[in-house]
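Participant: The structure that follows is given in the form of structure tokens.
The values are calculated or read from the model by the stated rules, or taken from the named source; none is laboratory data. None of these values were measured; they are calculated from a predicted model. Here the Cβ positions follow ideal geometry from the backbone for every residue, glycine too, while neighbour counts run over all protein chains shown. Heads up: the accessible areas ignore ligands, DNA and RNA and are worked out on the full protein's heavy atoms, side chains in. Shrake-Rupley method; radii C 1.70, N 1.55, O 1.52, S 1.80 Å.
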Amino acid sequence: MSTVDLSAVSRRQQWMSILASADRDALEVVCRPLGDLIRVRCQWLRAPETGLVMVRGRIGGSGAKFNLGEVPVTRCALRLQIEKNSSTGAAWVQGRDVHHAELAARIDALLQIPVHSEHVYGQVITPLAAGRSARRETAARKAAATKVEFYTLARESLAG
């Protein structure tokens, strides 16, 4: 019986989320310093393909489920062989951007190779996570600026 390292699974889920939600241009910028490492020849396990995924919602956030609509996604899977290290990377990204999906899958594969993991994490994931955090804070500030608080005052009748 094999055991699964939940901390490794959780960490991979985090970087996969960051890669999938990253802006493609920002992803390309942070990948440039990786040079030839990011361009290593790969074996496609699933070539990039675009399809539709049904997005579901819940009434009131927790009620009955309903189909909200379809969203285009691009997915791929590949295997990288770097010296004696082999790794499989996968990606699902919203939209039709094949290059974004390929870059995300390549980075996922590199992050699973112990020799390159920390360097790639610091070079790619850390700045993308900081950018995502900054975007979320900006959105939260904008939303807070438009917040309206309603309250009710109870008044006594002055007819007396």
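Participant: Taking the Cα centre of segment 6-145 as the origin, how large is its charge dipole in debye, to the nearest 20, when only Lys and Arg (+1) and Asp and Glu (-1) carry charge on their Cβ atoms?
Facilitator: 400
Participant: Additional query: Quick one: with all protein chains in place, what share of the accessible area of the chain is carbon or sulfur, to the nearest percent (1.4 Å probe)?
Facilitator: Roughly 53 percent of what the probe reaches on the chain is carbon or sulfur.
Participant: Can you give the FRET efficiency to the nearest 0.05 for Glu28 and Lys147, using r as the Cβ-Cβ distance and R₀ = 35 Å?
Facilitator: Efficiency, from the Cβ-Cβ distance: 0.45.
Participant: So for each of 103-110, 31-38, 61-68, 20-27 I average, over its residues, the number of other beta carbons within 10 Å; can you give me the resulting order with the highest mean first?
Facilitator: 103-110, 20-27, 31-38, 61-68
Participant: Would you work out which of Gln112, Met54, Met16 lies farthest towards the positive end of the dipole of segment 6-145, given +1 charges on the beta-carbon of Lys and Arg and -1 on that of Asp and Glu, about the Cα centre?
Facilitator: Projecting each Cα onto the dipole axis, the largest value belongs to Met54.
Participant: Separation between the Arg58 and Ile82 pseudo-spin-labels, each 7 Å from Cα along Cα→Cβ, expressed in nm?
Facilitator: 4.0
Participant: Modelled label-to-label distance, Asp36 and Asn67, 7 Å Cα→beta-carbon offset: nm?
Facilitator: 5.0
Participant: To test your reading of the geometry: what angle, between 0 and 90 degrees and rounded to tens, separates the Cα axis of helix 98-111 from the longest principal axis of the chain?
Facilitator: Its long axis makes an angle of about 70 degrees.
Participant: Rounded to the nearest 10 degrees, what's the angle between the helix 126-145 long axis and the longest principal axis of the chain, both from Cα atoms, 0 to 90?
Facilitator: 10
Participant: What does the accessible area per residue of segment 6-145 come to in Å², with a 1.4 Å probe and no ligands, DNA or RNA counted?
Facilitator: 60
Participant: To the nearest 10 degrees, how steeply does helix 6-21 sit against the main Cα axis of the chain, on a 0 to 90 scale?
Facilitator: 80
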